[in-house]
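Encoded as structure tokens, the structure appears first; notes follow it.
Throughout, read-outs are computed from the coordinates displayed, never taken from laboratory work. This one's a predicted model, so the numbers in the text were calculated from it and none came from an experiment. Cβ placement follows ideal geometry from the backbone for every residue including glycine, while neighbour counts extend to all protein chains displayed.
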Amino acid sequence: MMKPLITIAFVALTFTAMAQGKDVSVTDTPEMMAKAKDHTELVDRTVKLSPEQRELVQELYMEVERYSNALEQRFDGQPEEVRQADMPAQYANMDAHVDARLGEILRPEQYAVWKEASK
């Protein structure tokens, strides 16, 4: 029950971040794809993903890259104190989203290995 709520909260915060005074347009870039691929490969090296899992993890990390890009655009031109006040909650939200989604994508034994390795 908690995982769908975290996913919904992540999506809602994405749109909130986009709606706060700036038009935000996120376009996938090669850099974003490379970062998502690097994260996916780290998970794969740690828990040996199936091809289906690899695709889902790659998309998860692309979501994170898009969200991060939207936040960068939102904070562009904002005072540093605004960024510093808001970003810890944004990072915590991203971490919770990734953790929840990995919990859904990975088998229980893989998830346990991932949690231990990522401490």
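Some points to look at:
- Under Karplus coefficients 6.51, -1.76 and 1.60, residue-wise ³J(HN,Hα) of segment 35-46 in Hz, glycine/proline x: 5, 4, 5, 4, 5, 4, 5, 5, 4, 4, 4, 7
- In order along segment 55-70, the phi-based Karplus estimate (6.51 cos²θ - 1.76 cosθ + 1.60, θ = phi - 60°) of 3J(HN,Hα) comes to 4, 5, 5, 4, 5, 4, 6, 5, 4, 5, 5, 5, 4, 4, 5, 4 Hz; Gly and Pro are listed as x.
- Arranged from fewest to most other beta-carbon atoms within 10 Å of their beta carbon, 91, 67, 111 become 91, 111, 67.
- Our estimate of slack between residue 38 and residue 50, defined as 0.36 nm per intervening residue step minus the Cα-Cα distance, is 2.7 nm.
- Each peptide in 95-105, 23-33, 37-47 gets a packing score, the mean of other Cβ atoms within 10 Å over its residues, and the list from highest to lowest is 95-105, 37-47, 23-33.
- Couplings 3J(HN,Hα) for segment 105-119, derived from phi with the Karplus relation 6.51 cos²θ - 1.76 cosθ + 1.60 (θ = phi - 60°), are 7, 7, 5, x, 5, 5, 4, 4, 5, 4, 4, 5, 5, 9, 5 Hz, where x marks Gly and Pro.
- Taking the convex hull of Cα positions in segment 50-119, its mean projected area over all directions (nm²): 5.2
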